[in-house]
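Enquirer: Got a structure for you, questions after.
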Amino acid sequence: MSSGRVVVVGGGFAGLSAAYALTKRGIAPLLLEAGDRAGGRGKGEQVDGFSLDMGAFVFTSTYDTAFRLCEELGLPLVRTTMKFGHRRNGRWVTTTPDQSALNFVRQLPAARAMGFLSPSGLRAGFRVMRQMYREEPYLSFASDSPLAEIDDDESYGEYVRRLGVPEALRVTLRGPLDMILGDPEPAGQALMRAYIGETMLSGGKVLMPERGIGSFSRALADACSDVTRVSTPARRVVVEGGRATGVVVDGETIEADAVICAVPGTKVPDLIPDLPDETRRALGTVGYSTGCRVVIGLDHAPLPPGWHGALYPEDDDTPLLLDRSAFLPACAPPGKSLLDLLIGRERARELIPLDDDEVKRELLGAARRKAPPGSALPGDDEGLFYRVYRWEEALCMGTPGMLAAVANIPGQLVGRIDNLALAGDYMGIPSVNGALSSGERAANEVADVLVARAG
């Protein structure tokens, strides 16, 4: 379509999605990836017939761009309804968020333990659910989600206090958020409610590539391999005369007719010193959680029959447990299982400096001390293999008003740096789908610039 050169900086989901979309528009981009392979926080590994996810590990029901790309890349999807155990007040209850009347009756003991059936819990739960159903079109991770329209300066903590949510129910609502994202209380209420809504409004249903998100990342990277340069960290995006003219890497400056910057939002200001002041302020609202993950291959199921995972919402030191082979059997050889242990918050920051064996021992020890009944968690030296993954910047959270602030960034660049586009999870609804969707949007923006210039 055009001889213009587009340089994409960053080979995570946003950068890969942008490069893939540009090739479909007839433009051969150059994708620069600092690591030795593309994939970012979506990378996976193959170990002895097991498929491991290193970072992102779940698609929710509204991941429209992700589903379409999986179809284009020939990746089958598996539908699952998640069943979790929750440790509350020293005992275990299980939940399956199916909204049928029969399931409601089955869940009464769990609802009582989790704070839904007290008078204050009933009142607050009704307010929360009524607002969720009323705002259902907003509480979505789809590419066209209008979630930014209900983002404001209210934090999630302020939101639950305003609605009078009692402490027992507050622990229940923040449980999965706290285990994976870190402390949700200071984050924006809109994004945190979207995470809760994705579970409650969809009945806990998820669609996943049959070999995990790592397989999707690998397929997308393979589709872009001809236009990717790995082990090439970008040092600076050059802006001259109101245009991005190139990207500085070690030893050279790569000329560009357009640039897509697809690195985490916290890295953008240093990479592009010439951003408008209001864009820099918007990027200052972006933040990420810290995460640590241990994956262990086993020759037996680690959790009770039928369980996909176990949560410890009252405990800061015990990781979220997942048996990924329970909902994605193709991730493990027949008769084998994959146990994932994930933790965020301050505990992840404490673990990251430790060596792999210490991280594994700490997380397994915490899990075994409060193991679910009927589980078979491995000992410190048991397992077919193990891997430890550390993420200083894991999931995008940000401050209250972040979604609304970053939604203005594309307009701030118009007329100032027309041939520059930003892409990343923070530029959509923070998620894998948000990263993919923002990459596509950025690709179409710069392709349209090149078309207009050629015309």
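The values are calculated or read from the model by the stated rules, or taken from the named source; none is laboratory data. Everything numeric here is computed off the predicted structure, so don't read it as measured data. Neighbour counts run over all protein chains shown; Cβ positions are idealised from the backbone, glycine included. To get the accessible areas, we keep the full protein, side chains included, count just its heavy atoms, and leave off ligands, DNA and RNA. Shrake-Rupley method; radii C 1.70, N 1.55, O 1.52, S 1.80 Å.
Enquirer: Name the residue from 395, 184, 427 whose Cα lies farthest towards the positive end of the charge dipole of the chain, charges +1 on Cβ of Lys and Arg and -1 on Cβ of Asp and Glu.
Expert: 184
Enquirer: Still on this structure, please answer the following. Roughly how tilted is helix 13-24, in degrees to the nearest 10 and between 0 and 90, from the longest Cα axis of the chain?
Expert: Rounded to the nearest ten degrees, it is 50.
Enquirer: Something else: Quick one: Karplus J couplings for the range 284-297, per residue in order, coefficients 6.51, -1.76, 1.60, θ = phi - 60°, nearest Hz, x for Gly and Pro?
Expert: Taking θ as phi minus 60°, the curve returns x, 7, 7, x, 9, 7, 10, x, 9, 9, 10, 10, 10, x Hz for the range 284-297.
Enquirer: Next question. Calculate the spin-label point distance for residue 130 paired with residue 414, positioning each point 7 Å from the Cα along the beta-carbon direction, and give it in nanometres.
Expert: 4.0 nm
Enquirer: So, R0 is 60 Å and r is the distance between the beta-carbons of residue 376 and residue 454; what FRET efficiency does that work out to, to 0.05? Don't skip to the answer; put the middle values down first.
Expert: Details: r = 63 Å, r/R0 = 1.05.
Rounded to the nearest 0.05, the efficiency is 0.45.
Enquirer: Once you put a point 7 Å from the Cα of residue 210 and another 7 Å from the Cα of residue 46, both along the Cβ direction, what distance in nm separates them?
Expert: Simple spin-label model gives 1.6 nm for this pair.
Enquirer: Could you tell me what percent of the DSSP beta bridges with both partners in the chain are antiparallel, to the nearest 5?
Expert: Working: 46 of 61 bridges.
Close to 75 percent.
Enquirer: At a threshold of 8 angstrom on Cα-Cα distance, excluding pairs fewer than six apart, so keeping six or more, what relative contact order does the range 381-444 reach in percent?
Expert: Result for the range 381-444 is 25 percent.
Enquirer: Using alpha carbons only, how many angstrom separate the centre of the range 142-156 from the centre of the range 389-454?
Expert: 15 Å
Enquirer: How far apart, in nanometres, would the label points at residue 37 and residue 354 be if each is projected 7 angstrom from Cα along the Cα-to-Cβ direction?
Expert: Spacing of the two 7 Å Cα→Cβ label points: 2.8 nm.
Enquirer: In debye, nearest 20: dipole of the range 317-411 around its Cα centre with unit charges on the Cβ of K, R (+) and D, E (-)?
Expert: Rounded to the nearest 20 debye, it is 360 debye.
Enquirer: Where nothing but the Cβ of Lys and Arg (+1) and of Asp and Glu (-1) is charged, how large is the charge dipole of the chain around its Cα centre, in debye to the nearest 20? Mind showing how you got there, number by number?
Expert: Values: 49 positive and 59 negative charges, 269 e Å.
Value, rounded to 20: 1300 debye.
Enquirer: In the chain, with Lys and Arg counted as +1 and Asp and Glu as -1 at Cβ, which of these residues, 220, 63, 262, has the Cα nearest the positive end of the dipole, that is, farthest along it?
Expert: Of the listed residues, the answer is 63.
Enquirer: Can you tell me the accessible area per residue over the chain, all protein chains present, probe 1.4 angstrom, in square angstrom? Show your work: numbers first, answer last.
Expert: Working: 17940 Å² over 455 residues.
Roughly 39 Å² per residue, with all protein chains present.
Enquirer: Also, quick follow-up: Do the sum for the chain: with -39,500 (n - 2.57) for every DSSP H run of n ≥ 4, divided by all residues, what is the mean residue ellipticity at 222 nm, to the nearest 500 deg cm²/dmol?
Expert: Helices in the chain give a 222 nm mean residue ellipticity of -10500 deg cm²/dmol.
Enquirer: Going by Cα centres, the range 321-353 and the range 221-281 are how many Å apart?
Expert: One Cα centre to the other: 34 Å.
Enquirer: Angle check, please: helix 213-223 long axis (alpha carbons) against the longest principal axis of the chain (alpha carbons), in degrees 0 to 90, nearest 10.
Expert: 20 degrees
Enquirer: Pulled fully out, how much extra length does the chain show between residue 73 and residue 315, if you take 0.36 nm times their separation in residues and subtract their Cα-Cα distance? Don't skip to the end; give the middle numbers.
Expert: Working: separation 242, 0.36 × 242 = 87.12 nm, distance 4.04 nm.
That works out to 83.1 nm of additional length.
Enquirer: Now, a different point. Given a Förster radius of 25 Å and the C-beta distance between residue 28 and residue 270 as r, what FRET efficiency does 1/(1 + (r/R0)^6) yield to the nearest 0.05?
Expert: Values: r = 28 Å, r/R0 = 1.13.
So the FRET efficiency works out to roughly 0.35.
Enquirer: Can you give me the long-range amide H partners of residue 309? Hydrogens built in the peptide plane at 1.01 Å from N, cutoff under 5 Å, separation of 5 or more residues or another chain.
Expert: Sorted by chain and number, the residues that satisfy this are 83, 85, 323.
Enquirer: Give me the angle, in degrees from 0 to 90, between the Cα long axis of helix 356-369 and the longest principal axis of the Cα atoms of the chain, rounded to the nearest 10.
Expert: Roughly 30 degrees between the two axes.
Enquirer: Which whole-number percentage describes the relative contact order of the chain, with Cα contacts under 8 Å and a sequence gap of 6 or more?
Expert: Values: 1020 pairs, mean separation 115.7, N = 455.
Computed over the chain, the figure is 25 percent.
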